[in-house]
Amino acid sequence: MKHLKLIFVLAVAIGMAGCQSKVEYGDATEVETVNENFGSTDLQAIAAKMVDSMMTFPPVVVITQSQRPIVFVDRIKNKTSEHIDTESVTDTISNKLLRSGKFRFIDMTKVDSVRKQLDYQNNSGLVDPSTAINFGRQIGAQYMLYGNLSSIVKQAGSTKDVYYKMTMRLMDLETGLIEWSDEKEIRKTKSKSLFGK
């Protein structure tokens, strides 16, 4: 019986040693092909394409020559069947545009927080009135940037084809005119081997 317990303990120890995992850092810009779902490489490709397209579009070049227009970025709508963090896509595009030095942004996701802070400064009686920021002093956006991410998925036998399309537009809020629009397409195909891998 003692002999069996010793064998069992050794087997468990060997099994645990074989189950150790290893974590390594990788290059965040390296092509990621873990599966056919939307991934980091797709996000980076879409953001780069959209920002380059918008920055080099002649009417946008004219608009940004003598001023830094104020843009409201609406969160990209996910029209795919996947759960995709479109806020991350939106943030990456916004950051790239802001870092270009050509645009300024209004963050509509923080309006309620800003309103609470301004109310605190102006109505709590706890803030020196000479340092309180007055209501009604914020600058309105001139343009709205928005977009959709859609997909078409087809499967035949062991082959799965996923087509993604990202469409973005820049609208002049005063006139309602679309000043810029573009799209980026990505196709990914996954084929299973005879052994199901």
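The values are calculated or read from the model by the stated rules, or taken from the named source; none is laboratory data. It should be emphasised that the depicted structure is a prediction, and the values quoted were computed from it without experimental measurement. Glycine also receives a Cβ, built like all others from the backbone with ideal geometry; neighbour counts cover every protein chain displayed. Ligands, DNA and RNA are excluded from the accessible area calculation, which covers all protein heavy atoms including side chains. Shrake-Rupley method; radii C 1.70, N 1.55, O 1.52, S 1.80 Å.
Each of Val71, Val23 has its accessible area taken with a 1.4 Å probe; listed largest first, they run Val23, Val71. Only protein heavy atoms count here; on that basis, with a 1.4 Å probe, Thr41 has an accessible area of about 40 Å². Accessible surface for Phe38 stands near 40 Å², nearest 10, in the context of the full protein assembly shown (1.4 Å probe). Of Thr56, Thr86, Thr92, the order by accessible heavy-atom surface (1.4 Å probe, DNA, RNA and ligands excluded), from most exposed downward, is Thr56, Thr92, Thr86. The figure for Leu173 is an accessible area of roughly 80 square angstrom, using a 1.4 Å probe on the protein chains alone.
Straight-line cross-link partners of Lys192 among the lysines, defined as a Cα under 25 Å from its Cα and at least 8 positions apart when in the same chain: Lys154, Lys160, Lys165. A cut-off of 5 Å between modelled amide H atoms, ignoring neighbours fewer than 5 places along the same chain, links Val73 with Ile106, Met108, Leu145.
Between Arg187 and Ser88, the simple label model (points 7 Å from Cα in the Cβ direction) yields a spacing of 2.6 nm. The residues Ser151, Ser191, sorted by heavy-atom accessible surface at 1.4 Å with ligands and nucleic acids left out, run Ser191, Ser151 from largest to smallest.
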